[in-house]
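**Student:** Pasting in a structure now, in structure tokens, and then I'll have a few things to ask.
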Amino acid sequence: MMGRGFFGPAIERGGVRLYTLDMRRGMPSPASVYRLIKILRMERPDILQTWLYHADLLGFVFGKILGIKKIIWNVRCSNIAFKNYTFLTRIVVWLLRILSRFSSAVIVNSEAGYAHHVAFGYKPPKWKIIPNGFDLDRFQPNESLRLRFRALIGVSEDEMLAGMVARLDPQKDHACLLDALSLLAKEGLRLKTVFVGRGCEPDGALSLEVKRRELQDVAFLMGEMKNVAELLPGLDFLILSSAYGEGFPNVVGEAMATGLPVVATDVGDTAKIIGTTGRVVPPRNPPELAAALKFMITLDKDTFKGLGVAARANISRTSDIKTIVSEFNALYRKL
């Protein structure tokens, strides 16, 4: 809906036609709407698959106007705290609740997302839960990438290194993780942690919170990175401290495919995904998160390694990208 973004060039290299509406945040401009109508008339799709709330509404309205009979929405979240988002977003979701019965189907990537949207009032003719899929060849343990990333940030091979990959957003609750790291530091445990995502730049807003807690020696602020698959092998485990709204967090599956244990909050389907291969704690609870981090960094090497092996086995069994693509294709054929 906006520009080409981070992944536009990669999509085009894969031989996929990519159109952009070049919208700005807020209300769609007449030029963007005209561009969408032109694209839909030119492509004449049999199925229009939209992705996330704003695209669901825009695609539904103009898909119906242009006579596209099969329109599928895709929901990727669960209990979003809409008070933290714009009035426009709240209006969009309210309209989607009313219009959902006129869609062809709604895909959700989590059981939590399904339950939340049913309770919210979505009533599509068909629901389909399809979890996120992961390229197990791209996301896997890699010793050379591990050594290269650690050399880049100046962390030795034998030091424990965790990471959080998430944009700076109230949903992700970076403050909870920083508070947990502060609690560990008071016990003499200074866990080095990489922060990756928009808003996590060295001179960004998160840096002020790091300085306020005197964690400059353990918090590595990397900003947005294009290729997370080259970062994850450098970590020992992943952390995700989300407060709400997750369905199936992509980064949790990516980390598990890379052979990393995960410490995360119990939001969305995260606990089900991790199972016994990591630690899950209540959201917005720095002491519990600190205890889980301490558990991970004090495990013996063999037990720790076993968690990573089990994590990759779990995600390989449930979320291989080939299987997930087959599920999408099967749904398309049935409509």
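The values are calculated or read from the model by the stated rules, or taken from the named source; none is laboratory data. Treat the numbers as computed from the prediction; the structure is a model and nothing was measured. Positions of Cβ are backbone-derived with ideal geometry, glycine not excepted, and every protein chain shown enters the neighbour counts.
**Student:** Residues Asp179, Asp169: which one is closer than 25 Å to Gly245 by Cα, among the charged types (D, E, K, R) and surrounded by 17 or more Cβ atoms within 10 Å (Cβ to Cβ)? Give the derivation first.
**Tutor:** Numbers: Asp169 fails: surrounded by 17 or more Cβ atoms within 10 Å (Cβ to Cβ).
Result: Asp179 is the single residue among Asp179, Asp169 that is closer than 25 Å to Gly245 by Cα, among the charged types (D, E, K, R) and surrounded by 17 or more Cβ atoms within 10 Å (Cβ to Cβ).
**Student:** To continue, here is another question. Only residues in the range 146-166 that are free of Cβ contacts under 8 Å to residues at least 60 places away in the same chain and surrounded by fewer than 13 Cβ atoms within 10 Å (Cβ to Cβ) count as the first member; pair them with residues that are part of a helix (DSSP H, G or I) and among the basic types (Lys, Arg), Cβ under 9 angstrom, at least 6 apart or cross-chain, and list the lot.
**Tutor:** Taking only residues 6 or more apart or on different chains, the pairs are Ser156/Arg150; Glu157/Arg146; Glu157/Arg150; Glu159/Arg150.
**Student:** A follow-up question, please. Within the range 11-29, which residues are within 21 Å of Val92 (Cα to Cα) and either charged (D, E, K, R) or at pLDDT below 85 (or both)?
**Tutor:** Kept after step one, since they are within 21 Å of Val92 (Cα to Cα), are these residues of the range 11-29: 20-29.
Selection gives Leu21, Asp22, Met23, Arg24, Arg25, Gly26, Met27, Pro28, Ser29.
**Student:** Just name the residue that is nearest to Met296 (Cα to Cα) out of those in the range 170-208 that are among the charged types (D, E, K, R), under 23 Å from the mean Cα position of the chain (by Cα) and at pLDDT 95 or above.
**Tutor:** Initial filter on the range 170-208 (among the charged types (D, E, K, R)): 172-173, 179, 186-187, 190, 192, 198, 201, 203.
If we keep only those that are under 23 Å from the mean Cα position of the chain (by Cα) too, we end up with 172-173, 179, 192, 198, 201.
This time we only want the ones that are at pLDDT 95 or above, so: 172-173, 179, 192, 201.
Values: Lys172: 21, Asp173: 20, Asp179: 17, Lys192: 13, Glu201: 27 Å.
The extreme case among them is Lys192.
**Student:** If you don't mind, there's one more thing I want to ask. Tell me which residues, restricted to the range 22-58, are farther than 17 Å from Lys70 by Cβ and of a type in the set (Ser, Thr, Tyr).
**Tutor:** Those that are farther than 17 Å from Lys70 by Cβ and of a type in the set (Ser, Thr, Tyr): Ser29, Ser32, Tyr34, Tyr53.
Yes/no per residue for (1) among the hydrophobic types (A, V, I, L, M, F, W, C); (2) more than 23 Å from Leu99 (Cβ to Cβ):
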{"residue": "Gly8", "(1), (2)": "no, yes"}
{"residue": "Arg13", "(1), (2)": "no, yes"}
{"residue": "Arg24", "(1), (2)": "no, yes"}
{"residue": "Pro45", "(1), (2)": "no, no"}
{"residue": "Gln49", "(1), (2)": "no, no"}
{"residue": "Leu52", "(1), (2)": "yes, no"}
{"residue": "Leu57", "(1), (2)": "yes, no"}
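**Student:** Just checking, which of Leu40, Leu52 is at positive phi and either surrounded by fewer than 19 Cβ atoms within 10 Å (Cβ to Cβ) or among the hydrophobic types (A, V, I, L, M, F, W, C) (or both)? Walk me through how you get there before you give the answer.
**Tutor:** Working: Leu40 fails: at positive phi.
Residue meeting the stated conditions: Leu52.
**Student:** So, in the range 62-94, exactly how many residues are loosely packed, with under 15 Cβ neighbours inside 10 Å and either within 25 Å of Arg41 (Cβ to Cβ) or of a type in the set (S, T, N, Q) (or both)?
**Tutor:** Residues flagged as loosely packed, with under 15 Cβ neighbours inside 10 Å and either within 25 Å of Arg41 (Cβ to Cβ) or of a type in the set (S, T, N, Q) (or both) within the range 62-94 amount to 7.
**Student:** Here is a further query. Taking the options Gly121, Gly113, name whichever one is in the same structural domain as Asp56 (by TED's automatic domain parsing), within 17 Å of the chain's Cα centre (by Cα) and over 30 Å from Arg213 (Cβ atoms).
**Tutor:** Working: Gly121 fails: within 17 Å of the chain's Cα centre (by Cα).
From the options Gly121, Gly113, the qualifying one is Gly113.
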